[in-house]
Amino acid sequence: METMANTFTVEKAKTSKIHDVDFNNLSFGSTYTDHMLICDYVNGEWKAPKIIPYQPLSLDPSAKIFHYGQSIFEGMKAYKDENGQAWLFRPLENFKRLNKSAKRLAIPELPEAYFMEGLNTLLQLESDWIPQKPGSSLYIRPFILASGTGFHASPADEYKFIIACAPSGAYFSGKVKVLIEENYSRAANGGVGYAKAGGNYAGQFYPTQLAVDKGYQQVIWTDDNTHEYIEEAGAMNIFVRINDTLITGPTSDRILDGITRKSILDIAKDEGIATEVRKISVSEVVEAANNGTLKEMFGAGTAAVVSPIAGFGYKDKDYDLPELTNSYASKLKQRITDIQYNRAEDKFGWRFKVQ
Ligand SMILES: *Cc1c(COP(=O)(O)O)cnc(C)c1O
């Protein structure tokens, strides 16, 4: 890993906003910390990152981000343990995925040290902002946008890599009713579904709003070709439990390679739960709901960790899932969060100490 100890500059905020924040009533991702990391790509290279006071950006109206949506992001969290030590969860996976997204969007890849050391330095500075209350964490949003200018539809020649942080309470943890999508698609073969590209989410808002208008909270995306296979739950990976087997779809061009998804698969195997990674057809899920073998469905992602599904709608019919006392969802969420908050042994080597 290249090191950048000598090139790193930190400009501290004159005053802190931390005393204005009610840490007992945090929503998700809407209050920001005192500082941000910013790193410019100019003249064909990423310049050394700087940490500066959190502030608005100034961009030319012709910046390509506004016209061609050349932007990517990551979502991660910092957790504080009982002793006040801060931890990250598998941060190198986020770095690798950021560069995977970058490549697909014709954005220059970022050096590992800029991401890892930059993140570590920023988190040390913002340590007081990492909430300690159970379920709370510091949500971290690394992203890259095309700041280079021109109305010509081509990749920008300048970019900004930024890391912003938001102290956050536990993500919405109630059970959701979901609609299995029959018309719209989130992603297609050969497309950008596997990348965390901004436009992927813009494209989800309208179909999701239609589902919300019908009384559902979220859309279950199906494959774009046949709409016969379930692929993701909103912006989360999806798991289905039929009898006692936990099933999730294989990652592909269309299914994002979630860090929570692969961690859950490893933990489930460690728990002795039978797992299968294979295509899941809508007809199989409907049949399992009808004959009582569909025990659970849940979404998996960094923000909510595990988001249990109460029932689903498909072709104008609603199906309810049973209320389980010892669900896989709650057991797996407990195990993964115990590792994240340093409450349990980390046999997989996933924790990363902020220091
Ligand atoms: C971010 C994301 C996920 C979850 O990924 P994690 O690494 O677990 O946070 C799943 N699906 C989509 C579409 C996503 O954007």
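The table that follows gives values for the structure above.
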quantity: Computed helical MRE - 222 nm, the chain, DSSP H runs ≥ 4 contributing -39500 (n - 2.57), nearest 500; calculated: -7500 deg cm²/dmol
quantity: N326 paired with E271, simple spin-label distance in nm, labels 7 Å along Cα-to-beta-carbon; calculated: 1.1
quantity: Protein accessible area in the chain, 1.4 Å probe - carbon and sulfur %; calculated: 47
quantity: Surrounding net charge for Y79, when Lys and Arg each add one and Asp and Glu each subtract one, Cβ distance under 13 Å; calculated: +3
quantity: Label-point separation, S252 to K317 (7 Å along Cα→Cβ), nm; calculated: 2.5
quantity: Cβ charges +1 (Lys, Arg) and -1 (Asp, Glu), total dipole of the chain, debye; calculated: 340
quantity: Within a Gaussian network of the chain (alpha carbon springs, distance under 10 Å), most fluctuating of L210, L26, L332; calculated: L210
quantity: Residue-normalised accessible area of region 100-259, given per residue in Å² at a 1.4 Å probe; calculated: 39
quantity: The chain - Debye-derived log10 I(q)/I(0), Cα point model, q = 0.07, 0.11, 0.15 Å⁻¹; calculated: -0.31, -0.79, -1.37
quantity: Listed residues I163, I130, I52, most fluctuating in the chain (Gaussian network, C-alpha, under 10 Å); calculated: I52
quantity: Value of Rg/Rh across region 9-168 [Cα atoms, Kirkwood radius]; calculated: 0.98
quantity: Total charge dipole magnitude, region 66-142, about the Cα centre, Cβ charges on Lys, Arg, Asp, Glu only, Debye to nearest 20; calculated: 400
quantity: Of G249, G174, G313, the one that fluctuates the most in a GNM where the chain has Cα springs shorter than 10 Å; calculated: G174
quantity: Entries of K96/K269; K17/K160; K14/K333; K103/K214 with Cα pairs more than 29 Å apart; calculated: K14/K333; K103/K214
quantity: Dipole magnitude of region 201-271, debye to nearest 20 (Cβ charges: Lys/Arg +1, Asp/Glu -1, about Cα centre); calculated: 160
quantity: Rounded, prolate or oblate (a/c below 1.5 giving rounded, otherwise prolate when a/b exceeds b/c) for region 176-340 by Cα gyration tensor; calculated: oblate
quantity: Helix 112-125 vs. the chain, principal-axis angle (Cα, 0 to 90°, nearest 10); calculated: 80
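The values are calculated or read from the model by the stated rules, or taken from the named source; none is laboratory data. All figures in this text were calculated on a predicted structure; none of them were measured in a lab. Quick reminder, even Gly has a Cβ in these numbers, built from the backbone with ideal geometry, and neighbours come from all protein chains shown. The protein model used for the area step is the full one, side chains on, heavy atoms only, and it has no ligands, DNA or RNA in it. Shrake-Rupley method; radii C 1.70, N 1.55, O 1.52, S 1.80 Å.
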